[in-house]
1. As I understand it, the dipole of the protein assembly as shown uses +1 on the Cβ of Lys and Arg and -1 on the Cβ of Asp and Glu, about the Cα centre. Which of B:70, B:117, A:38 lies farthest toward its positive end?
2. Hey, can you rank B:67-79, B:88-100, A:94-106 by average C-beta count inside 10 Å, highest first?
3. Return a whole-number percent for the relative contact order of chain B, with Cα pairs under 8 Å and 6 or more residues apart as the contact set.
4. Using a 1.4 Å probe and counting only protein heavy atoms, how much accessible surface gets buried when B and A come together, both sides summed, in Å² to the nearest 100?
5. Pairs of alpha-carbon atoms within less than 8 angstrom and 6+ residues apart define the contacts here; what relative contact order does chain A have, in percent?
6. For chain A, which whole percent of the accessible surface, found with a 1.4 angstrom probe, sits on carbon and sulfur atoms?
7. Using the Cβ atoms and a cut-off under 12 Å, what net charge is assigned to the surroundings of residue A:26, where Lys and Arg are +1 and Asp and Glu are -1?
8. What number comes out for accessible area per residue over segment B:1-84 if the probe is 1.4 Å? Units Å², please.
Amino acid sequence: MESFTPLTAALGGSLIGLAAAVLWLGNGRIAGISGIFGQLLPPAQTVVWRLVFLAALVLGAWGTSRLFPAVGVGGVEPAALVPPPATWGVPPPVWLIVAGLLIGFGTKIGNGCTSGHGVCGLARLSLRSLVAVLVFFGVAIITVTVTGIV
Amino acid sequence: MAVLRPPYLATAALSGLLFGAGLYVSQMVDPLKVLRFLDFTAIPSGGWDPSLAFVIVPAILVMFIAVRIGRGRSAPLFDKEFHEPEYKRIDTRLVGGAALFGIGWGMSGICPGPAIALIAFPPDGVWLFLAALVVGSYAGSLIVPSGHAKRLVDAK
């Protein structure tokens, strides 16, 4: 439990909730990152605010990392990506590409990720989002168990 | 055009800033920390990190209040309507998509928000990962019906 950080987690979570609240009450939009990101292609009229949001997200992460370096990213910054399980013999780039493809494809056809279904969908009491959340958390937990990646 | 007015874009910027700050402060930009939550095999030994639950629950609560406030209003501040998600059906695409996302998330510990936030302090391999994310998302868009009317027909 040494890595358990409930206070910064709750503070960060509240900021994420506030971000979603601002976008919803201001612009009537769901702060679902896969949706904001995925609908850059093909470019629509909404491409401008989507790019502004994503650029600001990067800036927000960068700015807080400069203001509060002590929070750290797992104590080391920059955060490292996690290599594939050694016994599987899969080259790290291949592992990353497969993971990225699955996440991009899955969130597109499933219409959402941790933010859109997880934060916004559950807050809207959407049954669809509840199903999605249970499935992706369940499958992710099974995946981590099977691969033994941690 | 509402979506190009300064207050609208400023709102998008403020939301993005808060989101990125929240991801950093909560350390959800750290893939290993996310994987340590997903690793339920560590529960018996006491090595499990429940932090992610302490991130998502307050986030949902804050947004829940905002949704309640929104229900009492006819429109958001800077647009003509709330863009409620149109899909209602629980179908194979939803469940299959969520399952594929779950596999990728469990392999990497990176969901789309942190994937973007990591650009702020890019670790080795993150650009390759993001490129794959774009390609995967584009591939998905080829099988999802496009266009508002078609989507709505499909959603019911």
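1. The residue sitting most towards the positive pole is B:70.
2. Highest-to-lowest ranking by the protection proxy: A:94-106, B:88-100, B:67-79.
3. Contact order relative to length: 30 percent.
4. On the way: alone 11710 and 11100 Å², together 12820 Å².
Answer for the B-A pair: about 10000 Å² buried.
5. Across chain A, relative contact order equals 29 percent.
6. On the way: 4590 of 6040 Å².
Percent of accessible area from carbon and sulfur atoms in chain A: 76.
7. Local net charge: +2.
8. Numbers: 3730 Å² over 84 residues.
Normalised by residue count, the accessible surface of segment B:1-84 is 44 Å².
The values are calculated or read from the model by the stated rules, or taken from the named source; none is laboratory data. Values in this document were obtained by computation on a predicted structure and should not be read as measured data. For neighbour counting, all protein chains shown are included, and Cβ atoms are generated from backbone atoms with ideal geometry for every residue, glycine included. Accessible surface is based on the protein model in full, side chains and every heavy atom, while ligands, DNA and RNA are left aside. Shrake-Rupley method; radii C 1.70, N 1.55, O 1.52, S 1.80 Å.
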